[in-house]
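What follows draws every value from the coordinates through simple rules; no lab data is involved. Nothing here was measured: the structure is a model prediction, and the numbers come from that model. When we count neighbours, we look across all protein chains shown, and the Cβ atoms used for this are built from the backbone with ideal geometry, even at glycine.
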There are 2 protein chains.
Amino acid sequence: MNPELNWQAALQAALPKLDSGGRVSFAPGDLAGHAHDEGVPLISTPSAVVFAHSEAEILATLAVAREFGVAVTAWGAGTSLEGGVLPAPGGISLDLGALDGISELDPVGFTVRVGPGVRRVALNRRLRPHGLFFPVDPGADATLGGMAATNASGTTTVRYGGMRENVMALRVALMDGRVLNLGSLARKSSSGYALKQLLIGSEGTLGVITSLTLRLHPLPPATVSAQLAFPDVAAAVSASVVLRGLGLTPERLEFVDADTVAAVNRHRARHDPELPTLWVELAGRDTADAEAGLTLLREVAADTGGQVVGEARTPEAQSDLWAARHGVYDALRAAWPGHATRIGDICVPLSALAETVALMTQTLSEHALTAPLVGHIGDGNLHLLMHAPPEDAGAWARIDHALHTIALHALSVGGTCTGEHGVGLRKRVYMREEHGEALDVMRDVKALFDPQNLLNPGKVVGEID
Amino acid sequence: MNPELNWQAALQAALPKLDSGGRVSFAPGDLAGHAHDEGVPLISTPSAVVFAHSEAEILATLAVAREFGVAVTAWGAGTSLEGGVLPAPGGISLDLGALDGISELDPVGFTVRVGPGVRRVALNRRLRPHGLFFPVDPGADATLGGMAATNASGTTTVRYGGMRENVMALRVALMDGRVLNLGSLARKSSSGYALKQLLIGSEGTLGVITSLTLRLHPLPPATVSAQLAFPDVAAAVSASVVLRGLGLTPERLEFVDADTVAAVNRHRARHDPELPTLWVELAGRDTADAEAGLTLLREVAADTGGQVVGEARTPEAQSDLWAARHGVYDALRAAWPGHATRIGDICVPLSALAETVALMTQTLSEHALTAPLVGHIGDGNLHLLMHAPPEDAGAWARIDHALHTIALHALSVGGTCTGEHGVGLRKRVYMREEHGEALDVMRDVKALFDPQNLLNPGKVVGEID
């Protein structure tokens, strides 16, 4: 390569030039659009954005980065919550959104291949006519590449698992220019080291995902949903554990605390009982089967001191019933206009759920905070939706301290500091406490894959600044 | 350490001495008992066997091995089928069978902690009074440590996943003396690199598992089993795919070919229809629910040209019905007394099952062989039970060639060379074809964990001799 080239020029030389300006952008608007995520109040502006349209263009970008020692951070939809997609200052934001091809749909093998830029909602729209769906649902309309990179999960994980259980195969571009095929189309394997699993959840620090083959599932023939209210949190937790003990695996099993139900009532003019509440979706072979599940659910509610306060069978009715659960974030924004948010994300053993919810409530109180508490309770994954005016430094200090207390509690009961949002920048502080000497091994693995420390540097296993 | 010590003396000095002779054995009987597995016709005698009773003793053994450069191969129950537990000649066989403690049973969190030497059957006996079980069932009464090391799976994997999905946490002793805690008690996590998954399936080449925390499941409230016969293999495969498409996930979904049903009939004086056959176990909330599943199963059989030829509800009746499936190996041994066996183990996409079974049948014919064909068909995992007199070199050459043809076919359709038995020594020949350049990365990972190449050297990613 011409030694007189700077990396910006080299990048432009390496990638296609188009009438519209090409794949490489230095435009302030593009840079600003890739300078933040949806969770961290930091701006970190890249020096260039590459809009890759093919694996070859990803490799060309990595080659320039390698030669000139420029950092590269992959970008999907930018819905990260912990800073995972924030580019290194001066580095390249590698936007994979245009790699949105869906191919090789195999309705007999229950697989499909997607580009890393395919979004979840678009994929499921494409799959629906085949009676299939991809279940992992983190809420946001994230890209599949980003979801794999953070091992995303969500409301359906209690039934279907997260990305780790639903990615069959990956193609991954390494920093040295190799492209690895990891995994296979077989539903299980004992062949070689689990590099596919190692890459899933590595948040773009080990390689760049260039395509994914996903495991699909049949759309349930029939579903019913129910809303269950309980006199206290312990009873709601108890009901969710009893459900699991009966082997009645719901499609979704969600928890919202009483104050939050009240907030949603105000925002949506609903009249749901303002009590700790579970939302449950059950699937069945047919309507009668789903109804029988609902009968059992009513029994469990009664046995644990709760009651069914809403039932829904049609798609419209289910959508309305779930709206109260899904309306939490909007209710929060309506109640506190102008507030910024920060979402806690811990996951604890099911046997520690009740004490953890109590600890969270007490911690909020001690810090003079209020925050909606929602949880993928069937997995033990709890979120606190902290909020305050962006400029209220005192409130943010209390929020930081409260979330820190809660994260340390999660670790103390054998849980994890992040159930599904990833480590990014902000959870690095817990890596030593959670992983001990395994963190050193993780750093060795990072150095093995990326000896120049150019791939999303500083994230996940990076030293704290 | 005293430089005059040889490693054998150092090992004895480092480990407890007991009246019964201590932890270290050089007795020919002990050496011979650790010189072979159940699948590979090779004898590879260790120079010493260490019967470790604690993690500290594992670490002491690794320290001596490190200092003197002696190879160490972990040993569970010796039920490996691909040579995974064969010690390196002159090395140490590290027998973990005495680490058989079961502790920290948490029936609310659905977890239990076990030593690596705990056996599957003993664990489930201990769990049964709590209404719980550990579902992974590879057939053999293997140790949990060995099962994790090979990412074992089996008949129930179609419903519950294999070891990768059911190990919550591992403690692993590294060759350099560190002990890592990998995973947590949380049911999901996005925290850090998936080293737990990397260790699962690494067959003792990266570290020695010193304890495991397992994910437990409630025993199903009710089960029914059915036996379905089909006019041809394609129809049986079609039925299994239709079942999956209906979302009717069975507890087990097994396939046996017509000739093998005939062999079992002869051996057990049964009269099952000598046709391609599926065995299915369905679970339900209650008896009525399980019966409703059976009704749907009958419809699927009819729709795909098959019929239900056996139904069983009581535990005794189910045991009898499944005896025909489980009797395949005994029938083989009875029909061919004195024959040795070699079990093929491929896994293919569900959409390639029918063509793969046809290829297997044709390959047997072309090689003048007969062999029972059984499969965990819901996962696409197919086994051929090859057999011949141990001394019939011609037959074994044909068997090797046939299995090689079939393994290459599995790879050509996007499958894997080993669905559940692991790589060990014998499947190394497929690692390059299956993994491409990822094999080089696996070897780099091996060097990172075990720079002296002392942990189960040569296995999985080792060069072929």
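Computed values, structure above
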| item | result |
| --- | --- |
| The protein assembly as shown - charge dipole about Cα centre, Lys and Arg +1 at Cβ, Asp and Glu -1, debye rounded to 20 | 40 |
| Among the listed pairs B:K196/B:K459; A:K196/A:K427; A:K446/B:K427; A:K196/B:K188, those beyond 26 Å (Cα-Cα) | A:K446/B:K427 |
| Separation of the A:T287 and B:R266 label points, Cα + 7 Å toward Cβ, nm | 5.4 |
| Cβ-vector label at 7 Å, B:A397, separations to other copies in nm | 8.3 |
| Axis-nearest residue in chain B [Cβ, rotation onto A], distance in whole Å | B:Q197, 2 |
| The range B:365-465: chymotrypsin sites (Phe, Trp or Tyr not before Pro) in DSSP loop, at most 16 other beta carbons within 10 Å | none |
| Ratio Rg/Rh [Cα only; Rh per Kirkwood] for the protein assembly as shown | 0.97 |
| Rg over Rh, two decimals, chain A (C-alpha only, Kirkwood Rh) | 0.98 |
| Computed over the range A:186-228, Kirkwood Rh from alpha-carbon pairs, angstrom | 14.3 |
| Full-stretch length increase - A:A13, A:A323 - with 0.36 nm per residue and alpha-carbon distance subtracted | 106.6 nm |
| In range of the label at B:S103: residues from the range B:170-198 whose backbone nitrogen is under 14 Å from the point 7 Å along Cα→Cβ | B:171 |
| Gyration tensor (alpha-carbon) shape descriptor, the range B:27-95, a/c threshold 1.5 | prolate |
| 222 nm mean residue ellipticity, helices alone, for chain B (DSSP H n ≥ 4; -39,500 (n - 2.57); rounded to 500) | -10500 deg cm²/dmol |
| Longest exposed-site-free window of chain B, the sites being GluC sites (Glu not before Pro) in a DSSP loop that have at most 11 other C-beta atoms within 10 Å | B:5-390 |
| Shape category assigned to the range B:29-156 from the gyration tensor of Cα positions, a/c cut at 1.5 | oblate |
| A:D259/B:R125 FRET efficiency (R0 30 Å; Cβ-Cβ; nearest 0.05) | 0.05 |
| Estimated distance in nm for a label pair at A:E355 and B:D232, the labels positioned 7 Å out from Cα along Cα-to-Cβ | 6.2 |
| Principal-axis tilt of helix A:287-303 within chain A, Cα atoms, nearest 10 degrees | 70 |
| Evaluated over the range B:336-421, the Cα radius of gyration and Dmax, each in Å | 12.4, 38 |
| Loop-located trypsin sites (Lys or Arg not before Pro) in the range B:1-103, at most 15 other Cβ atoms within 10 Å (DSSP) | B:K17 |
